[in-house]
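Peer 1: Take a look at the following structure, please.
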């Protein structure tokens, strides 16, 4: 019976993931109906097999995606519910860096939704999640940490996190970084471009490389 329950839970999980993707690609009432169907499947997953950590995680992701299509109180509610699901996922899988990172993103977007000030506790909570994610996987969460530090005018910390993101390959595209309003406080500083661009090879390395290809 336990094996059957596990199989059914996994089947519902896959069905939920499929409808979540369809919902993300849809809009309006159709998207909301697909998200609702997704949540019903995830509910069955965690009801029948609470140890199936992926159920809570994917449920949180779907809520996060739906929240990004809403505004105002509805968006805030969905971000808050996403955080609740990430919290449950972390209980059964406490060492998962992706859960921590996505939880931080939900908290950060919730803060943006309510126009929270940079010193709001939501940013504090998001920062903690990104730091934890980074402690499990170097570079994960570093870019978002840089954004929080920028909002708080903590320029040295911002630079440090941008460099970590750059060196670990987790930095978004340069266009995305330069257009990010969260980094508005640091974009004009002398070190900004250097912190986000790949380092140029030194002349000795470049010369050797040319000799090898001659």
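The values are calculated or read from the model by the stated rules, or taken from the named source; none is laboratory data. Everything numeric here is computed off the predicted structure, so don't read it as measured data. FYI the Cβ positions are ideal-geometry reconstructions off the backbone, even for glycines, and counts take in every protein chain you see.
Peer 1: Which members of region 1-27 meet the condition of being farther than 14 Å from residue 41 by Cβ and either surrounded by fewer than 14 Cβ atoms within 10 Å (Cβ to Cβ) or at pLDDT 70 or above (or both)?
Peer 2: 1, 2, 3, 4, 5, 7, 24, 25, 26, 27 - these are the residues of region 1-27 that are farther than 14 Å from residue 41 by Cβ and either surrounded by fewer than 14 Cβ atoms within 10 Å (Cβ to Cβ) or at pLDDT 70 or above (or both).
Peer 1: So, in region 63-74, of the ones that are surrounded by 20 or more Cβ atoms within 10 Å (Cβ to Cβ) and closer than 23 Å to residue 143 by Cβ, which residue ends up nearest to the chain's Cα centre (by Cα)?
Peer 2: Checking each candidate, the answer is 64.
Peer 1: So, of the residues in region 173-191 that are part of a loop (DSSP other than H, G, I, E, B) and within 18 Å of the chain's Cα centre (by Cα), which turns out to be surrounded by the most Cβ atoms within 10 Å (Cβ to Cβ)?
Peer 2: Restricting to residues being part of a loop (DSSP other than H, G, I, E, B) and within 18 Å of the chain's Cα centre (by Cα), the top hit is 180.
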